[in-house]
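> Encoded as structure tokens, here's the structure I'll be asking about.
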Amino acid sequence: GAVVSQHPSRVICKSGTSVKIECRSLDFQATTMFWYRQFPKKSLMLMATSNEGSKATYEQGVEKDKFLINHASLTLSTLTVTSAHPEDSSFYICSAKTGSEQYFGPGTRLTVT
Amino acid sequence: GQNIDQPTEMTATEGAIVQINCTYQTSGFNGLFWYQQHAGEAPTFLSYNVLDGLEEKGRFSSFLSRSKGYSYLLLKELQMKDSASYLCASYGNNRLAFGKGNQVVVIP
């Protein structure tokens, strides 16, 4: 199957700082990428849909000024958590759509201290 | 909008068969996915149904009824490594939304 990578896999940052997470489709072009977050023992919650070359579409309740999404190319989308707080600590997962299938990155574990 | 419902947890014996159900209400429905997720890892793709009927892939099969907004995942010949969370996700209006997931625990 198609491969999606995420970087970093794990990050610890101090409260108030910003963190950027990269999502790349390695062997295919993805016009649409999705960002999810997942709390322990909970399902994935869609945060936003990212389309190459246009503004992301955010889900209700997700602050677009706090979670900045950029989809600069067909193989790269980035999520920046700005002014991070401890409650932003979570598992962030991106996925990329190709045809009828959607593949997930390995996830990024963010811990804000 | 999208509304997806799944039961939460089940235990089954190695070698047994398990069926995991999922109901959905999705605007602009365009397919139902099943994923497997082990603790601390990202989901891995298992199956995709867009037409009514049964799709079989080795030990895993998935069924869809669009008229009933219903799908199930069938796991046969359970192995210990199948202990994981199983997530159904419906695709509609360019969004893939997940149900709560069903934790399957396989015991010897």
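> Filter the stretch A:56-89 down to the residues that are surrounded by 12 or more Cβ atoms within 10 Å (Cβ to Cβ) and within 14 Å of another protein chain (Cβ to nearest Cβ), then identify the one that is nearest to A:Leu26 (Cα to Cα).
A:His71
> Considering each of B:Leu46, B:Leu51 in turn, give the residue that is in a strand (DSSP E or B), within 14 Å of chain A (Cβ to nearest Cβ) and either among the acidic types (Asp, Glu) or over 21 Å from A:Phe39 (Cα atoms) (or both). Spell out how you get there, then give the answer.
Values: B:Leu51 fails: in a strand (DSSP E or B).
Within the list B:Leu46, B:Leu51, the selection yields B:Leu46.
> While we're looking at this one, here's another question. Could you please give the count of residues in the stretch B:20-43 that are within 13 Å of another protein chain (Cβ to nearest Cβ), within 19 Å of B:Val105 (Cβ to Cβ) and hydrophobic (A, V, I, L, M, F, W, C)?
Total meeting the criteria: 3.
> So, in the stretch A:23-43, how many residues would count as being surrounded by 17 or more Cβ atoms within 10 Å (Cβ to Cβ) and modelled with pLDDT of 90 or more?
The total comes to 9.
> Look at A:Ser18 and say whether it is within 14 Å of chain B (Cβ to nearest Cβ), among the polar types (S, T, N, Q) and surrounded by fewer than 14 Cβ atoms within 10 Å (Cβ to Cβ). Break it down into steps so the answer makes sense when it comes.
Values: within 14 Å of chain B (Cβ to nearest Cβ): no; among the polar types (S, T, N, Q): yes; surrounded by fewer than 14 Cβ atoms within 10 Å (Cβ to Cβ): yes.
So A:Ser18 fails the test.
> Residues A:Glu63, A:Glu22, A:Glu52, A:Glu59: which one is within 25 Å of B:His38 (Cα to Cα) and among the acidic types (Asp, Glu)?
Answer to the selection: A:Glu22.
> Does the stretch B:66-87 contain at least one residue that is acidic (Asp, Glu) and facing another protein chain (nearest Cβ under 8 Å)? Even if it seems obvious, please write down each step before you answer.
Applying the first criterion (acidic (Asp, Glu)) to the stretch B:66-87 yields B:77, B:82.
Cutting the leftovers down to facing another protein chain (nearest Cβ under 8 Å) gives us none.
No, every residue in the stretch B:66-87 fails to be acidic (Asp, Glu) and facing another protein chain (nearest Cβ under 8 Å).
> Let me ask something else. So in the stretch A:98-108, with the set limited to residues that are within 8 Å of chain B (Cβ to nearest Cβ) and not acidic (Asp, Glu), which one is farthest from B:His38 (Cα to Cα)?
First, the residues of the stretch A:98-108 that are within 8 Å of chain B (Cβ to nearest Cβ): A:100-107.
In the following step, the residues that additionally are not acidic (Asp, Glu) were identified as A:100, A:102-107.
Details: A:Ser100: 23, A:Gln102: 18, A:Tyr103: 15, A:Phe104: 13, A:Gly105: 14, A:Pro106: 11, A:Gly107: 12 Å.
My answer is A:Ser100.
> For residues in the stretch A:11-30 being assigned to a strand (DSSP E or B) and among the basic types (Lys, Arg), which is farthest from A:Ala96 (Cα to Cα)?
Here is the first cut: in the stretch A:11-30, the ones assigned to a strand (DSSP E or B) are A:11-13, A:19-25.
If we keep only those that are among the basic types (Lys, Arg) as well, we get A:20, A:24.
Numbers: A:Lys20: 18, A:Arg24: 8 Å.
My answer is A:Lys20.
> Taking the stated definitions as given, is B:Tyr70 surrounded by fewer than 20 Cβ atoms within 10 Å (Cβ to Cβ), among the aromatic types (Phe, Trp, Tyr) and in contact (Cβ under 8 Å) with a residue 40 or more places away in the chain? Quick ask: steps written out before the conclusion?
On the way: surrounded by fewer than 20 Cβ atoms within 10 Å (Cβ to Cβ): yes; among the aromatic types (Phe, Trp, Tyr): yes; in contact (Cβ under 8 Å) with a residue 40 or more places away in the chain: yes.
Judged against the criteria, B:Tyr70 is a match.
Quick grid of which residues meet (1) of a type in the set (Gly, Ala, Ser); (2) part of a loop (DSSP other than H, G, I, E, B); (3) in contact with a Phe, Trp or Tyr (Cβ under 6 Å, 6 or more places away or on another chain); (4) under 22 Å from B:Gly31 (Cα atoms):
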site: A:Asp65; (1), (2), (3), (4): no, yes, no, no
site: A:Leu68; (1), (2), (3), (4): no, no, no, no
site: A:Thr80; (1), (2), (3), (4): no, no, no, no
site: A:Ser83; (1), (2), (3), (4): yes, yes, no, no
site: A:Glu87; (1), (2), (3), (4): no, no, no, no
site: A:Phe91; (1), (2), (3), (4): no, no, no, no
site: A:Cys94; (1), (2), (3), (4): no, no, yes, yes
site: A:Lys97; (1), (2), (3), (4): no, no, no, yes
site: A:Gln102; (1), (2), (3), (4): no, no, no, yes
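> Out of (1) surrounded by fewer than 17 Cβ atoms within 10 Å (Cβ to Cβ); (2) touching a Lys or Arg at 6+ places or on another chain (Cβ under 7 Å); (3) assigned to a strand (DSSP E or B), the odd one out for B:Glu77 is which?
Every listed condition holds for B:Glu77 apart from (3).
The values are calculated or read from the model by the stated rules, or taken from the named source; none is laboratory data. This structure is a prediction, so every number in the text was calculated from the model and none was measured. Methodologically, a virtual Cβ is constructed for each residue, glycine included, from the backbone with ideal geometry; neighbour enumeration extends over all protein chains shown.
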